[in-house]
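Quick one: the structure is below, questions incoming.
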Amino acid sequence: LGIPYQPGERLPAPADYGAMVARVTAGWGVRLTFEPGRVIVGNAGVLLTRVVRAKQGSAGRPFVVVDAAMNDLARPALYGAYHDFA
């Protein structure tokens, strides 16, 4: 199960996903077990950091240096994923 990263992004609820799996696997005669993963805690954390320096970057986009490490914001840096900042 995924978690929403962008405002307004809609993903299936766990109950809806479970209903779909039950429907598709009906009659298989097996017991399925799932590990829900990040859907439980993925949006529960907060990264608190401080802006060290801000300057105008290329193409008019701001460039901000913060005191958080790359391991804290690896997804956007590695493959351009969206990360909401408030």
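Name the residue, out of V24, V46, V41, V66, that is modelled with pLDDT of 85 or more, open to solvent by 60 Å² or more (accessible area, probe 1.4 Å) and among the aliphatic types (A, V, I, L, M).
Every option except V24 fails the conditions.
Here are the criteria: (1) part of a helix (DSSP H, G or I); (2) touching a helix residue (DSSP H, G or I) at 6+ places or on another chain (Cβ under 7 Å). Tell me which single one L47 does not satisfy.
Only one criterion is unmet by L47, namely (1).
Can you tell me which residues in the range 69-86 are open to solvent by 100 Å² or more (accessible area, probe 1.4 Å), under 30 Å from Y17 (Cα atoms) and not in a loop (DSSP other than H, G, I, E, B)?
L78, Y79
Moving on. If I ask for residues that are outside any loop (DSSP other than H, G, I, E, B) and surrounded by 10 or more Cβ atoms within 10 Å (Cβ to Cβ), which ones from the range 1-15 would you list? Steps first, please.
Taking the range 1-15 as the starting set, the residues that turn out to be outside any loop (DSSP other than H, G, I, E, B) are 14-15.
If the condition is that a residue be outside any loop (DSSP other than H, G, I, E, B) and surrounded by 10 or more Cβ atoms within 10 Å (Cβ to Cβ), then P14 is the only one that fits.
Let me ask something else. Given (1) assigned to a loop (DSSP other than H, G, I, E, B); (2) among the charged types (D, E, K, R); (3) under 27 Å from D84 (Cβ atoms), identify the lone condition not met by R38.
(1)
Determine, yes or no, whether V52 is among the β-branched types (V, I, T), in a strand (DSSP E or B) and either over 11 Å from the mean Cα position of the chain (by Cα) or surrounded by fewer than 10 Cβ atoms within 10 Å (Cβ to Cβ) (or both).
yes
The values are calculated or read from the model by the stated rules, or taken from the named source; none is laboratory data. Since the structure is predicted, the reported quantities are computational estimates derived from the model, not experimental observations. Positions of Cβ are backbone-derived with ideal geometry, glycine not excepted, and every protein chain shown enters the neighbour counts. Keep in mind that these areas ignore ligands, DNA and RNA; they rest on the heavy atoms of the full protein, side chains included. Shrake-Rupley method; radii C 1.70, N 1.55, O 1.52, S 1.80 Å.
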